[in-house]
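For reference, the structure discussed in these notes is given below.
The values are calculated or read from the model by the stated rules, or taken from the named source; none is laboratory data. Source: prediction; values computed, not measured. Here the Cβ is made from the backbone with ideal geometry for all residues, glycine too, and neighbour counts use every protein chain on show. The area values use the complete protein model at the heavy-atom level, side chains included, leaving out ligands, DNA and RNA. Shrake-Rupley method; radii C 1.70, N 1.55, O 1.52, S 1.80 Å.
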Amino acid sequence: MKGNKTIIFLPLFVMAGLFIFGYFSLSDSSTLSNADLQQNIDISVSNDNPKEIAWEWGSYPADGLAGNDYIEIVFDGEVENSTLELTHADNVLFESEDWFYTDDGIAASFPTYTEEEQIIGAIGSWKVDSDTTIEAVRYYHTWAGAEIEIDEPVNLIEQLQNRIPEHHWVVEEADI
């Protein structure tokens, strides 16, 4: 019977260890807040014509979504047209051709919210027809329902600081 104890108890110990490891792994998984999301966003930029800026959040904020996000292209040039699309699983959930001038270039606004377990705004792209080279791209994330005044040209950083100073951040991609 002594030799059989190992055969009986070893699988029990392995199963108990896997259960404990799984429990701590799941309960230890860190959830991101909106403020922490900026370390978990991937932005890619193509300077070909049409210019394309694409973004994707690596995770979703646990404290909910509300408000508009903004994508800004820093450049000095003319824009022929643009198309911003928000997608989820290859389905276009939102599309807009609207944009506005900023102090440093142009920007577009888009909503971020959840609908039927889909995160709208987490994955998107903005295609812009222009012959000018992009110098930088700024992604502004907000999690408060405050609208900014679009008086052209607008300074997005200043507007967000005045309206929702604690509920936004900006990520700039300048190595293009």
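Highest-first packing order for the peptide set 6-12, 52-58, 111-117 is 52-58, 111-117, 6-12, based on the mean count of other beta carbon atoms within 10 Å.
Against the criterion of solvent-accessible heavy-atom surface with a 1.4 angstrom probe, TRP99, TRP126 sort, most first, into TRP99, TRP126. Since only LEU86, PHE21, GLY67 are under comparison, the one whose Cα sits farthest along the positive direction of the charge dipole of region 1-136, derived from C-beta charges on Lys, Arg, Asp and Glu, is PHE21.
Shape call for region 13-98 from the C-alpha gyration tensor, a ≥ b ≥ c root eigenvalues: rounded (a/c under 1.5), prolate (a/b greater than b/c) or oblate? It comes out prolate by the Cα gyration axes.
State the extension gain, in nm to one decimal, for the chain segment bounded by ASN49 and ASP36, taking 0.36 nm per residue of separation less the distance between their alpha-carbons. Don't skip to the answer; put the middle values down first.
Numbers: separation 13, 0.36 × 13 = 4.68 nm, distance 3.30 nm.
Length difference between fully extended and current span is 1.4 nm.
Length gained on full extension, ALA66 to MET15, computed as 0.36 nm times the residue gap minus the Cα-Cα distance: 14.1 nm.
The apolar share of the surface of the chain, taken as the fraction of accessible area on carbon and sulfur atoms (1.4 Å probe, ligands and nucleic acids excluded), comes to 49 percent. Per residue, the accessible area of the chain comes to 60 Å² when a 1.4 Å probe rolls over the protein heavy atoms. Taking Cα atoms only, the orientation of helix 2-28 departs from the longest principal axis of the chain by about 20 degrees. Helical runs assigned H by DSSP (4 residues or longer) give the chain a calculated mean residue ellipticity at 222 nm of -6500 deg cm²/dmol, each run adding -39500 (n - 2.57) before division by the residue total.
Quick check for me: using +1 on Lys/Arg Cβ and -1 on Asp/Glu Cβ, what's the dipole size of region 55-96 about its Cα centre, in debye to the nearest 20?
Dipole about the Cα centre, nearest 20: 200 debye.
The computed mean projected area of the Cα convex hull in nm² for the structure shown corresponds, within (i) 11.9; (ii) 14.2; (iii) 10.6, to (ii). Please work out the C-alpha center-to-center distance from region 103-176 to region 48-69 and express it in whole Å. Measuring centre to centre over Cα atoms gives 9 Å.
In order along region 160-176, the Karplus-derived 3J(HN,Hα) couplings, from 6.51 cos²θ - 1.76 cosθ + 1.60 at θ = phi - 60°, round to 5, 4, 6, 7, 9, x, 9, 10, 7, 8, 9, 10, 10, 10, 10, 8, 10 Hz, and Gly and Pro are given as x.
Label zone (TYR113, point 7 Å along Cα-to-C-beta; backbone nitrogen cut-off 16 Å) within region 137-163: 142-148.
Roughly how big is the chain's charge dipole about its Cα centre, with Cβ charges of +1 (Lys, Arg) and -1 (Asp, Glu), in debye to the nearest 20? Spell out each step's value before the answer.
Values: 6 positive and 34 negative charges, 389 e Å.
Roughly 1860 debye, rounded to the nearest 20.
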